[in-house]
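Accompanying notes for the structure given below.
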Amino acid sequence: MLAVRLFCLACLGASSLMGAVGPEFSDVFIAGRDGFKSIRIPSVVVTGKGSVLAIAEGRAQHADQANNKLILKRSTDGGKTWGAQTIIADDGANTLNNPCSVVERQSGRVIVMYQSYPAGFSERDGKIKPGLEGPAIVRNYVVESEDDGRTWSEPLDVTRTTKRPDGVTILASGPGIGIQLRKGPHAGRLIMPFNEGPFHQWNVLSVYSDDRGQSWKLGQPAPGCRVPDGKGGEISLVNEVQMVELSDGSVMLNSRKWGGGPYRKVATSKDGGITWSAIQEDKALRDPGCMASIFRYSFPESGGKSIILYSGPDSNGRDKGTIYASYDEGKTWPVKKLLYPGSFAYSVLTALPDGTIGCLFETDGANRIVFARFTSDWLFSTSSK
């Protein structure tokens, strides 16, 4: 609780000192220059020591399943410059997908969840099988760092407790970030946003831990993820998903549009992400069908405001990257500011210890991953900087 109050005070102080200057941008990963033909699917967290860890999939080809490794770059100056690239997870010829990262507050451990596809298999080819064992299944893994992202553990297979044995073929954590609850009866719970398929038949749900990441359990899918398609079958409304804690300790999910109107899909959980209200559309948030980010910036404590941030394309395509802010737990989004007018695909928000806001995002047709830094003063000012 004290840490949250100090964080909110730091945010206000940093904004006053830095002023409403425009965003700063730094390249993090560039496809073709950093050892991989394609680099996609960003994740970013700030460690307890203030280091910024940027994680992505390093791909051998321009394809979702292309012998991917998980790669990392680390910044110790708030995302202004970046260190050497390292590989934090490698499964040989198999493909690693969907990095989703969280920092466990008490220990400072950085936890990354991801999936492994068997070599030669794709989420779209129909060859992936349900079940918990066998050569044709998707597996779920975790790697951890206890030294500020410098070194990483061997992968831990958590498939058995995070995958339904029947009917589920595809798994996807996030991608983006997980959260750790601060309030309510489930304070301390780690939550990884999750979706499961077969392809085109997605459900969104959570994978969670009540022992600080030592073990993981599977929540229930949100009702209404799939609806009748009018042809005797079903269509899924949801896909890649992120989650945010609300001020009363409940959780809101915010999902990419797969079907339905061109808007984000949302639901809430009153029991820490185990069960959910029915999926609805948030018509204030346009979505061309692209992963996006939702992030708790401050809680309404010590006279401060409740501020939840969102980043995504405000467009019919993957461009016009825009930052939104809500003061009422995501019910409305009165603040809307263009961050990047050009190509803008997947994005992940974070906050630095001085209150500066960061956004790691894909641009240049997803061939470059960039870190943007901006102040809350810039976001909440009325200027067009």
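Within region 347-362, identify whether any single residue is of a type in the set (Phe, Trp, Tyr), in contact (Cβ under 8 Å) with a residue 12 or more places away in the chain and buried (at least 22 other Cβ atoms within 10 Å of the Cβ), and answer yes or no. Yes, because at least one residue in region 347-362 is of a type in the set (Phe, Trp, Tyr), in contact (Cβ under 8 Å) with a residue 12 or more places away in the chain and buried (at least 22 other Cβ atoms within 10 Å of the Cβ). When we screen Ser116, Ser101, Ser107, Ser153 for residues that are out of contact with any helix residue (DSSP H, G or I) (no Cβ under 8 Å at 6 or more places or on another chain), more than 22 Å from Glu362 (Cβ to Cβ), assigned to a strand (DSSP E or B) and not aliphatic (A, V, I, L, M), the only hit is Ser116. Of the residues in region 208-218, not one is closer than 19 Å to Gly330 by Cβ, touching a strand residue (DSSP E or B) at 6+ places or on another chain (Cβ under 8 Å) and modelled with pLDDT of 95 or more.
If you take the residues of region 267-286 that are in contact with a Ser or Thr (Cβ under 9 Å, 6 or more places away or on another chain) and free of Cβ contacts under 8 Å to residues at least 40 places away in the same chain, which of them is surrounded by the most Cβ atoms within 10 Å (Cβ to Cβ)? Ranking the candidates gives Arg286 first.
Selection of region 197-221 for residues being more than 29 Å from Gln106 (Cβ to Cβ), touching a Lys or Arg at 6+ places or on another chain (Cβ under 9 Å) and surrounded by 19 or more Cβ atoms within 10 Å (Cβ to Cβ) yields Trp202, Asn203.
Can you confirm whether Glu362 is in a strand (DSSP E or B) and acidic (Asp, Glu)? When the stated conditions are applied, Glu362 passes them. Scanning region 253-266 for residues that are surrounded by 23 or more Cβ atoms within 10 Å (Cβ to Cβ) and in contact with a Ser or Thr (Cβ under 6 Å, 6 or more places away or on another chain) turns up just one, Lys265. Scanning region 294-315 for residues that are under 15 Å from Leu338 (Cα atoms) and not aliphatic (A, V, I, L, M), we see that the one that is farthest from the chain's Cα centre (by Cα) is Ser315. From the list Lys336, Lys331, the one residue that fits, being assigned to a loop (DSSP other than H, G, I, E, B), surrounded by fewer than 19 Cβ atoms within 10 Å (Cβ to Cβ), modelled with pLDDT of 95 or more and not small (Gly, Ala, Ser), is Lys331.
Every residue, every condition in (1) farther than 19 Å from Ser293 by Cα; (2) of a type in the set (S, T, N, Q); (3) not in a loop (DSSP other than H, G, I, E, B), yes or no:
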{"position": "Phe199", "(1), (2), (3)": "yes, no, no"}
{"position": "Ser206", "(1), (2), (3)": "no, yes, yes"}
{"position": "Arg212", "(1), (2), (3)": "yes, no, no"}
{"position": "Pro221", "(1), (2), (3)": "yes, no, no"}
{"position": "Gly232", "(1), (2), (3)": "yes, no, no"}
{"position": "Ile235", "(1), (2), (3)": "yes, no, yes"}
{"position": "Val244", "(1), (2), (3)": "no, no, yes"}
{"position": "Asp248", "(1), (2), (3)": "yes, no, no"}
{"position": "Met252", "(1), (2), (3)": "no, no, yes"}
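When region 132-147 is examined, which residues are found to be part of a loop (DSSP other than H, G, I, E, B) and surrounded by 17 or more Cβ atoms within 10 Å (Cβ to Cβ)? Correct list: Ile137, Val138.
The values are calculated or read from the model by the stated rules, or taken from the named source; none is laboratory data. Please read all numbers here as calculations on a predicted model, not as lab measurements. All Cβ positions, even for glycine, are placed from backbone atoms using ideal geometry, and neighbour counts span all protein chains on display.
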